[in-house]
1. In this structure, does GLN127 turn out to be within 13 Å of the chain's Cα centre (by Cα) and modelled with pLDDT of 95 or more?
2. Could you tell me which residue of segment 81-104 is farthest from ILE20 (Cα to Cα), considering only residues that are in contact (Cβ under 8 Å) with a residue 60 or more places away in the chain and small (Gly, Ala, Ser)?
3. Is it true that ALA66 is assigned to a strand (DSSP E or B), under 27 Å from ALA147 (Cα atoms) and not aromatic (Phe, Trp, Tyr)?
4. Which of the following residues is closer than 15 Å to GLY48 by Cβ, surrounded by fewer than 21 Cβ atoms within 10 Å (Cβ to Cβ) and in contact with a helix residue (DSSP H, G or I) (Cβ under 7 Å, 6 or more places away or on another chain): ILE96, ILE123?
5. Which residue pairs have Cβ atoms closer than 9 Å, lie 6 or more positions apart in sequence or on different chains, and pair a first residue in segment 292-304 that is touching a residue at least 12 places away in the same chain (Cβ under 8 Å) with a second residue that is surrounded by 10 or more Cβ atoms within 10 Å (Cβ to Cβ) and small (Gly, Ala, Ser)?
6. Out of ALA178, ALA186, ALA190, which single residue is at pLDDT 90 or above, surrounded by 14 or more Cβ atoms within 10 Å (Cβ to Cβ) and out of contact with any helix residue (DSSP H, G or I) (no Cβ under 8 Å at 6 or more places or on another chain)?
7. Check TYR112, TYR207, TYR128 and return the single one that is in contact with a Ser or Thr (Cβ under 7 Å, 6 or more places away or on another chain), surrounded by fewer than 21 Cβ atoms within 10 Å (Cβ to Cβ) and among the aromatic types (Phe, Trp, Tyr).
8. Out of the residues in segment 131-164 meeting the condition of being more than 18 Å from SER116 (Cβ to Cβ) and acidic (Asp, Glu), tell me which one is least open to solvent (accessible area, probe 1.4 Å).
Amino acid sequence: MDLGEFEADNSVSCRLVSEIPQICRTEDCCLGIDEAGRGPVLGPMVYGICYCPVSKKEELKDLKVADSKTLTEAERENLFQKLDEARSFVGWALQILSPNTISTSMLQRAKYNLNSLSHDAAIGLVQYALDSGVQLKEVFVDTVGPAEKYQEKLSQRFPGLEVTVRPKADSLFPIVSAASICAKVARDHAVKGWNFMEDLGDVDTDYGSGYPNDPKTKAWLLKYLDPVFGYPQFVRFSWSTAQTLLDGKAATVHWDDDEEDGEKAAARQNNKSMLSYFSRAAGGNDQSSTHQTHRFFTERRLHSLDAL
């Protein structure tokens, strides 16, 4: 599986797709949706769809696809190869959600939680298939949240499709199992070949499973926690595991908030406000002996202004 497009900039999300089999443009098709990497604190979450003609369901079943979580890495790779070789009637698409996308979405002012991210990724992939000319008739989904509500949401969004949402759908419907394998293989490749944009030297890649309760993962998080800059973008810093370590090990910073007096709030925490760096010294002279202007500003003849 070629993840070159994602690896070129793994700070943003990316969609990867297979060629669309011609038969899928002319015959009624079924489509399965599943994800890989929802729980880990490290690496991306990958949403996958797999689709084939309804008339080819038995041929897909003959490939012996199964829930990716019950398979070894080698078995998943082998089954993905079989799916790729069946490209005359099987197609797939992936939405890779980068750790950076997940974290910034969950921590923005207007909260965008993981369930909403997941639902939107799934909806986007179904819409992609429809827009690409795949003649969808049936959609099978491994649930995120309450199955009945999710099924109702998808049915309202796609009224012309027969939508089935079930817990453990990846073990019930072969087309969902196939989507699960595509997503898991993509995540495995992304994690193994992660390109660290940060200058970390020779990075220790023995970070375990990536799940918060894995001792190897916890040890890696401690090792690569920078007290000022936090974590590399490989880490989902919105996860409570990462936040707890940052609270305990990183430097304390007070961020001025528009809703309160930044200077007073900082003083209450025995800290300096970020705004104090830009404030003029007493008496209106911003070049006082107690506040030496950095050469970055003097070389460029930049001065603070209190009026325009």
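The values are calculated or read from the model by the stated rules, or taken from the named source; none is laboratory data. These figures come from a predicted structure and were not determined experimentally. Note that we place each Cβ from the backbone using ideal geometry, even for glycine, and neighbour counts take in every protein chain shown. Surface accessibility is based on the protein's heavy atoms, side chains included, excluding ligands, DNA and RNA. Shrake-Rupley method; radii C 1.70, N 1.55, O 1.52, S 1.80 Å.
1. Values: within 13 Å of the chain's Cα centre (by Cα): no; modelled with pLDDT of 95 or more: yes.
The answer is no for GLN127.
2. Ranking the candidates gives SER103 first.
3. Values: assigned to a strand (DSSP E or B): no; under 27 Å from ALA147 (Cα atoms): yes; not aromatic (Phe, Trp, Tyr): yes.
No.
4. Going through ILE96, ILE123 in turn, just one is closer than 15 Å to GLY48 by Cβ, surrounded by fewer than 21 Cβ atoms within 10 Å (Cβ to Cβ) and in contact with a helix residue (DSSP H, G or I) (Cβ under 7 Å, 6 or more places away or on another chain): ILE123.
5. Final answer for the pair search is SER304/SER279.
6. Testing whether each residue is at pLDDT 90 or above, surrounded by 14 or more Cβ atoms within 10 Å (Cβ to Cβ) and out of contact with any helix residue (DSSP H, G or I) (no Cβ under 8 Å at 6 or more places or on another chain) leaves just ALA186.
7. TYR112
8. Within segment 131-164, the match that is least open to solvent (accessible area, probe 1.4 Å) is GLU138.
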